[in-house]
Amino acid sequence: MINGKVPPSNKELEHKILGAILYGVQYGHSTLQESKKYINADCFYFEENSKLFEVMDEMHASGRKVTLIGVDQKSAGQPWYDLAGGVVWLTQLGQAYMNHTVFPEHCIM
């Protein structure tokens with residue numbers, strides 16, 4: 001909240017970006033590296049989305065491949081993850097997966 005006002009948010013867009021990062025690697029795209037040119041965890045309005053971005057970024061920085069199973073294992077038991085829906089939520093992010101060619105445009109919106 002800034003000066004008593006709620007900043008604009010778009011949960012669907014955040015999910016599209018996270019879905020592209022999480023599932024893009026399966027299709028051979030470097031969406032996490034691409035996203036970091038434009039955004040970081042602080043750019044997400046919803047806490048669970050910010051935390052998920054942090055988890056994927058940490059995995060990538062440590063040399064681990066960002067996969068659904070890996071993210072689930074790293075996040076399991078975290079309150080934000082359980083509230084978001086756990087592995088079911090991650091799977092639903094795949095349904096929001098966007099074409100990697102429009103991904104950068106969504107990151108700067």
| task | Please go through segment 8-41 and pick out each residue that is farther than 19 Å from Tyr81 by Cβ, open to solvent by 20 Å² or more (accessible area, probe 1.4 Å) and assigned to a helix (DSSP H, G or I). | result | Glu12, Leu13, Lys16, Val25, Gln26, Tyr27, Gln33, Glu34
| note | Checked against (1) out of contact with any helix residue (DSSP H, G or I) (no Cβ under 9 Å at 6 or more places or on another chain); (2) modelled with pLDDT under 90; (3) farther than 21 Å from Gln95 by Cα, Ala61 satisfies every condition except (2)
| remark: With criteria (1) open to solvent by less than 70 Å² (accessible area, probe 1.4 Å); (2) more than 23 Å from Pro8 (Cα to Cα), Asn49 comes up short on (2)
| task | Any residue in segment 33-56 that's under 21 Å from Gly70 (Cβ atoms) and without any contact (Cβ under 8 Å) to a residue 60 or more places away in the chain: show its pairings with residues that are of a type in the set (S, T, N, Q) and part of a helix (DSSP H, G or I) at Cβ separation under 7 Å, as long as the two are six or more apart or on different chains. | result | Ala41/Ser50; Phe44/Ser50; Val55/Ser75
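The values are calculated or read from the model by the stated rules, or taken from the named source; none is laboratory data. Keep in mind that this is a model prediction, so the values were computed, not measured. Heads up, the Cβs are rebuilt from the backbone with ideal geometry, glycines too, and the neighbour counts pull from every protein chain shown. Heads up: the accessible areas ignore ligands, DNA and RNA and are worked out on the full protein's heavy atoms, side chains in. Shrake-Rupley method; radii C 1.70, N 1.55, O 1.52, S 1.80 Å.
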